[in-house]
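In what follows, a single structure is set out as structure tokens and then discussed.
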Amino acid sequence: MSTLILVRHAEPEESARGLCYGTLDVGLSDEGRAHAARLAPALVGTLYDAVYASPRRRTRETAAPLADARRLEQIVETDLREIDFGELEGRRYDEIAETQPELYRRWMEAPTTVTFPGGESYTDLRTRALGALDRIRSAHDCAVVVTHGGVIRAGLAEWLAMPDEAIFRLDQSYCGITVVEWLGKTPVVRLMNGSGAVGSLAFHA
């Protein structure tokens, strides 16, 4: 039996607002840091023995209080990073819509079918993210994984047998907590996008 506690990073700094950012390395806002500090008390009743994060500052800063609470070193896993938007990284959404209207239209209408120029597709993200999550699950009884909305949606879609085009029906808030437990080879989603204490959940770790 194994458990993954998946956490989306906290709110990024104001300078990122309105920008397309995946690989763009932005830190947390003041509110984001305050929100991240509340995660450790929310997970105090769980038995995690490892804290993983993507290489991006926003995930590492979110993970820091969780690692510090258990005197653990963060483990940075590169395959937990957000999708690479390639040539669109750091550009404003309204500017992309104006200068590349066909790409923008396809992105908005069918995002999981688009390969970003110079970047990745959802299939690329899904393949590497699922590999990383499976490796982490195999190595620990209970681990916290602080990552990005795209990575968490890809995992949930796989575990719930959802089609790719349905992933954006899964809300992922900043610091949202998702708990997945495996009973043998069967994943059971115990909590999705939670915002409060999870120690009272009837999951085993």
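The values are calculated or read from the model by the stated rules, or taken from the named source; none is laboratory data. Keep in mind it's a predicted model, so treat the numbers as computed, not measured. Glycine gets a Cβ as well: all are built from the backbone with ideal geometry, and neighbour counts include every protein chain shown. Keep in mind that these areas ignore ligands, DNA and RNA; they rest on the heavy atoms of the full protein, side chains included. Shrake-Rupley method; radii C 1.70, N 1.55, O 1.52, S 1.80 Å.
How many residues are touching a residue at least 12 places away in the same chain (Cβ under 8 Å) and polar (S, T, N, Q) when one looks only at segment 124-147?
2
From Arg92, Arg105, which residue is charged (D, E, K, R) and in contact with a Cys (Cβ under 9 Å, 6 or more places away or on another chain)?
Matching residue, one of Arg92, Arg105: Arg92.
Answer with yes or no whether Thr99 is within 24 Å of Ser15 (Cα to Cα) and open to solvent by 20 Å² or more (accessible area, probe 1.4 Å).
When the stated conditions are applied, Thr99 passes them.
Can you tell me how many residues in segment 71-116 are hydrophobic (A, V, I, L, M, F, W, C) and over 25 Å from Arg169 (Cβ atoms)?
3
Would you point out which residue out of Arg135, Arg71, Arg105 is part of a loop (DSSP other than H, G, I, E, B), loosely packed, with under 14 Cβ neighbours inside 10 Å and among the charged types (D, E, K, R)? Show your work before the answer.
Numbers: Arg135 fails: part of a loop (DSSP other than H, G, I, E, B); Arg105 fails: part of a loop (DSSP other than H, G, I, E, B).
One residue alone meets the criteria, Arg71.
Checking Met1 against (1) in contact (Cβ under 8 Å) with a residue 40 or more places away in the chain; (2) closer than 16 Å to Cys142 by Cα; (3) open to solvent by less than 60 Å² (accessible area, probe 1.4 Å); (4) not polar (S, T, N, Q), which single condition isn't satisfied?
Met1 satisfies every listed condition except (3).
Can you go through Val144, Val188 and tell me which one is β-branched (Val, Ile, Thr), exposed (fewer than 14 other Cβ atoms within 10 Å of the Cβ) and in a strand (DSSP E or B)?
Val188
State which residue pairs qualify: first residue open to solvent by 10 Å² or more (accessible area, probe 1.4 Å) and inside segment 34-46, second residue aliphatic (A, V, I, L, M) in any location, beta carbons under 6 Å apart, and separation of 6 or more residues or different chains.
Note: pairs meeting the criteria are His35/Ala10; Ala40/Leu66; Ala40/Ala69; Ala42/Ala197.
Sort through Val7, Val26, Val44 and tell me the only one that's part of a loop (DSSP other than H, G, I, E, B) and closer than 18 Å to His148 by Cβ. Break it down into steps so the answer makes sense when it comes.
Details: Val7 fails: part of a loop (DSSP other than H, G, I, E, B); Val44 fails: closer than 18 Å to His148 by Cβ.
Result: Val26 is the single residue among Val7, Val26, Val44 that is part of a loop (DSSP other than H, G, I, E, B) and closer than 18 Å to His148 by Cβ.
Which residue pairs have Cβ atoms under 9 Å apart, sit 6 or more places apart or on different chains, and have a first residue in segment 81-99 that is under 17 Å from Ser121 (Cβ atoms) and free of Cβ contacts under 8 Å to residues at least 60 places away in the same chain and a second that is surrounded by 14 or more Cβ atoms within 10 Å (Cβ to Cβ) and of a type in the set (A, V, I, L, M, F, W, C)?
Gly86/Phe116; Glu87/Phe116
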